[in-house]
Amino acid sequence: MEVATQHVSPAAFVHGLPKVAVASGVRVPQKAFAGRALNEAVPLPSAISLGAAGGHGRAFAVLSAAASSLAAARRRTARAVGRHRRARGGAEVAVLEKAQQLGVECSTLRVGIPKESGDGEARVAATPASVQALCKEGYKVLVESGAGLLSDFDDAAYEAAGATIAKSAGIAFDCDIVMKVRPPTLDEISLMPAGSTLIGIVGSRLPGSEPLVERLMAQKINVVAVDNLPRQLSRAQTYDTLSSMANLAGYRAVIEGSVALPRFMAGQFTAAGKVEPAKVLVIGAGVAGLAAIQAAHNLGAIVRAFDVRSSVREQIESVGAEFLTVNIQEDGEGKGGYAKEMSKEFLEAEMALFKKQCGECDIVITTALIPGKPAPKLIKQYMVDIMKRGSVIVDLAAANGGNCEATVPGEKFVTKNGVTILGTDMVQSAAAQASELFSNNVSKFLLSMGEKGRFHLSEADEAVRGCWLIREGERLPEPEAPRPPPPTPKEMELEIEKVVVDPRKVAFRKALSDSLMYTAGVSGLLSLSSMGSGISTLATTLSLSCLVGAQVVKGVSAALHSPLMSVTNAISGLTVVGGLLLTGGGYFPKTAPQMLASLAVLVSMVNVGGGFVMTGRMLGMFRRKTDLPSYSYLLALPGAILLALTARGGSSLTPLVYLVSSLLCIQSIGALSSQKTAPAGNTLGMLGVAGGLAGTICSVHVPQATLVQMLATMALGGGLGVGIARRAEVTDLPQLVAAFHSLVGVAAAATAIASALSAHGSGLLYSISTYLAASIGALTVTGSLLAFAKLQGLMSGKSLSFPGQRPLLALLALSLVGGMWRYIGTSAINVLYFGTAVSAVLGWIVAGQVGGADMPVGITL
């Protein structure tokens, strides 16, 4: 038989609208398949007459023809076709059932990623990572050649991710779905087929956007404007491109502003003097503003922030800024979390506040926007005129007209009074990162549209409906944000039960973690008993000193870290104690061990004397004329009493003298937590070291001649250190600390070798400590000398790198461990020499990997 057909419009298959096509006895229930453009009509039977004379054969022929036609349509449009059935009695047959799934299979859709054509736009709507995610879902992704080059993504990376490279923009736009960063131009819109879907930023709420919206409507396409996303939805945060870009823009505003600012951001206590931290004002505490506050605070600046919304005060203060206010009680909380326009009186008070801050601050960052309106002018020209020369204004609202009257959108501008105004797009300064964030947002939004493996635009989805601007050329009304009813007490209880974790489980996990930690600590410390009876005292001293030292150093101000490094370096000169215990031979050393011991005393005292003098000079540089005297010389009284009692008590008092000296050294470090107490801390360190030396001398019973040698060597070394530290230039103090620190390593290694040569002790613990002392000392010597060379400019500050570096380091480390194992078993002096030499090479290579700017950290380690 001949089957009459009619062509059904593609609109009958879109967007999930329930429609029924009825054609002469055949009812075809249809569900829309959102976002699918049908470039050709679908033939369906329009008249099937199954009268009594038709019979079953005639019915079968008709149904076969209908099934073939519908099968072809299914292949082209990916719709699910219901199975047919025939009604008993032979009058009519229902040939189609309602589709069980909504939308279109992703495997039948092409996603186009064109190259952005806007001037200065370096971002791309999809990165290789997001392309891979889309391809995994089944989409066929076409990326215009060169689309990602400005974001450092080449065509090969896209092809490796599964994309096809489109040779022209026309091919990329001629897809079912097009993803873009910037709004399309009129020419680009004409390249998109009717019924296709555009996903990207449109700017429909900005002034002057109507011509663009009208052109999109005329093209009969679907437009999903991601910049219209309802930001109140918690689920929508994953798709929020505006927040992602604002976060990056706020961070980059601080970075670019600090580059333009001709000074430090953080306060500095340097050898050249004290530098005050920069002052940063952030206007607007949205996503960009909070990111800017946090970045500026992390760079060490003093940050102040202002926002008309009082609700953000806690957020501002939590990220490290001072919240500025005006003396007018008016809240600026607007719709959707944005700010609203304020009253005249509030604006006048606001202007007065900004004028004052502009005169004080080094960097001003503005982020204020009001949806649907040009950016408010907050920084007037007269405010710019009173700013300090070299100051910087970063206007993040420049694209919307700018918050500053002097801003030139898209440009860097320097005023006559030397103020730099940045009106450039901060996001473009980190195009690769911006593209990654944007593509993650948009691709995840696309993947959320429909069930797994299908694409479907649904008005029931609040996130989609909020962004759905145009449907097949029809402008959709702005959705109203629903206000959820207040929860009942029962619902609130259920919600709390869902969110709050069982406190008993949390408490159990914490208790279990603590138990395991203490178990490991107890087992580890008690297992040390196998190393000999003397280990308990040493382990106690080491454990307590580590705990106390960590707590004390935590309280030291970052600005005083250089004096801290110097004073701790001076205290580490107590390696002199080891040399004193091995000193012998009368007025002059006679044997090799005695010579090494004398050398250890000499170099240790150079470090002690020079270290305390350097610390005093550093602290003196930071003192202002208005600072009160420290009167630290009064601490000479307890120092004199300590030395007198030590001399009188002799060896019986030595343990308590060591305790007092240790406490004084700890208090010395703790006093560096403040500029006011730091000078006293330096003096306390001197007293602690002096007490330790006095206790050692009084505890050893040596001939008078040997005692003279001890005192003379100590005096010579201390005098050399003081003389060198006093004559050094102020700018040379950091590298002088490194040079003095190498002497500590010399003393440690020399003392260890001298002890081994003289067989000063025996046993497992003695062998381990001797080997470690020599090895760590040698590593300290070469590492500190290399640091001195880099800081002094005697060699390049670049990191040391050469082929086979890592294998060599691994070999040296294994050799060092193997040497210790061998020395424990044999106590052979040649093995000790070997370990010392290996450590020296290891120290040089490891320290060489550190750049010159990071050398102070290397010295500390």
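Below are the figures for this structure:
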| read-out | value |
| --- | --- |
| Restricting region 775-841 to trypsin sites (Lys or Arg not before Pro) in coil, as DSSP defines it, with at most 14 other Cβ within 10 Å | Lys798 |
| Modelled FRET efficiency - R0 51 Å, Lys355 with Ala813, Cβ distances, 0.05 increments | 0.25 |
| Sites Ile386 and Asp119, calculated FRET efficiency, Cβ-Cβ separation with R0 25 Å, nearest 0.05 | 0.15 |
| Listed peptides 686-696, 302-312 by packing density, highest first (mean Cβ within 10 Å) | 686-696, 302-312 |
| Beta bridges by DSSP in region 364-464, antiparallel share as percent, to the nearest 5 | 30 percent |
| Inter-site label distance for Leu547 and Leu659 at 7 Å from Cα along Cβ, in nm | 1.7 nm |
| Centre separation in Å (Cα based) which lies between region 398-462 and region 265-295 | 24 Å |
| Calculated FRET value between Asp187 and Ala157, using beta carbons and R₀ = 35 Å, to 0.05 | 0.80 |
| Pair Lys136, Gln792: separation of 7 Å Cα→Cβ label points (nm) | 5.6 nm |
| Calculated from backbone phi, Karplus (6.51, -1.76, 1.60) coupling profile of region 643-651 in Hz, x at Gly/Pro | 5, 5, 5, 5, 5, 6, x, x, 5 |
| Residue among Leu369, Asn400, Tyr382 farthest towards the positive dipole end of region 350-486, charges placed on Cβ | Tyr382 |
| Of Lys115/Lys279; Lys373/Lys412; Lys279/Lys377; Lys344/Lys388, those spanning more than 31 Å from alpha-carbon to alpha-carbon | Lys115/Lys279 |
| Two-decimal ratio, region 408-465, of alpha-carbon radius of gyration to 2.2 N^0.38 Å | 1.91 |
| Segments 675-682, 777-784, 107-114, 512-519 sorted - mean Cβ within 10 Å per residue, highest first | 777-784, 107-114, 675-682, 512-519 |
| Heavy-atom accessible surface of region 592-675: percent carbon and sulfur, 1.4 Å | 71 percent |
| Long-range HN-HN contacts of Asn222 with modeled amide H, under 5 Å | Gly195, Ser196, Thr197, Leu198, Glu472 |
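The values are calculated or read from the model by the stated rules, or taken from the named source; none is laboratory data. Bear in mind the structure is a predicted one, so any value in this text is a computation, not a measurement. Glycine gets a Cβ as well: all are built from the backbone with ideal geometry, and neighbour counts include every protein chain shown. To get the accessible areas, we keep the full protein, side chains included, count just its heavy atoms, and leave off ligands, DNA and RNA. Shrake-Rupley method; radii C 1.70, N 1.55, O 1.52, S 1.80 Å.
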